1. Over region 2-177, average the accessible area per residue using a 1.4 Å probe and give it in Å², no decimals.
2. Over the chain, what percent of the accessible surface lies on carbon and sulfur atoms, probe 1.4 Å?
3. Quickly estimate the mean residue ellipticity at 222 nm for the chain, helices only: each DSSP H run with n ≥ 4 gives -39500 (n - 2.57), and the total goes over all residues, rounded to 500.
4. Quick check: residue separation of residue 147 and residue 80 times 0.36 nm, minus the Cα distance between them. What number comes out in nm?
5. Using the Karplus curve 6.51 cos²θ - 1.76 cosθ + 1.60 with θ = phi - 60°, work out ³J(HN,Hα) for each residue of region 67-80 in order, rounded to whole Hz, and write x for Gly and Pro.
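The values are calculated or read from the model by the stated rules, or taken from the named source; none is laboratory data. Only a predicted model underlies this, so the values are computations on that prediction, with no experimental measurement involved. Accessible surface is based on the protein model in full, side chains and every heavy atom, while ligands, DNA and RNA are left aside. Shrake-Rupley method; radii C 1.70, N 1.55, O 1.52, S 1.80 Å.
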Amino acid sequence: MDFALLGWPPDAPTLRLDYRRFAYAGKFVRGSTGKAVVREGERGVGEYDDHLLAAASFDPDRTDAGRLVVRYVTVRDDRRGEGLGARLLAFVAARAADRGYDRVRIAVNNPAAYVAAHRAGFAFTGTETGLAELVCERSAVRPAVVDADAYRSGLDRYRERDLDAEALARLDEKRAAGPPSVVDPPCDDEPGG
């Protein structure tokens with residue numbers, strides 16, 4: 001397994017992710033956003049990029065040239081829960097400074113993505129997008145300072161949504177556990193990640 005940055009916007013490659021195995025698969029067919037991936041082995045001969053385990057797309061913030069925005073992070077369905085999304089997000093953030101960005105932002109729409117963003121060194125800004133996504137941000141050169149109260153405040157925002165009993169129980173577990181440890185970003189093409 002290795003981590004690779006495939007290209008920066010606006011001339012990044014397109015990816016053919018299997019829509020049955022990846023959330024947001026259709027968002028990776030555009031070449032106007034940068035792409036980074038976690039891959040294992042070589043691409044097969046099929047219709048899809050079946051050697052990919054996770055993918056991220058990103059581009060400059062439309063209102064702040066110093067900020068890179070990660071638009072989507074997706075992990076193949078059989079590899080979720082292994083920390084690949086958090087490590088890929090940290091990988092992208094660590095390369096943003098090399099391209100002149102001083103901050104990296106992501107907006108997340110569920111508690112699992114929220115925790116993954118924090119594992120990648122992001123912190124909740126206290127704001128939401130119009131799409132009910134929580135905005136998390138970090139410096140391009142170092143993880144954000146861990147603030148347990150701000151972290152829990154973000155998790156509490158999800159409580160305001162229509163969640164079933166099982167989702168609320170998972171949310172309670174995440175809240176009680178507190179902020180997760182921050183992962184180290186993998187190196188380019190790092191075997192074994």
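1. Details: 8580 Å² over 176 residues.
Normalised by residue count, the accessible surface of region 2-177 is 49 Å².
2. Details: 4600 of 9580 Å².
Solvent-exposed carbon and sulfur of the chain make up 48 percent of the total.
3. Details: 4 runs with 47 residues, N = 193.
Taken over the chain, the calculation gives -7500 deg cm²/dmol.
4. Working: separation 67, 0.36 × 67 = 24.12 nm, distance 2.60 nm.
Stretched out fully, the residue 147 to residue 80 stretch lengthens by 21.5 nm.
5. 10, 9, 10, 7, 7, 8, 10, 9, 10, 4, 3, 7, 10, 5
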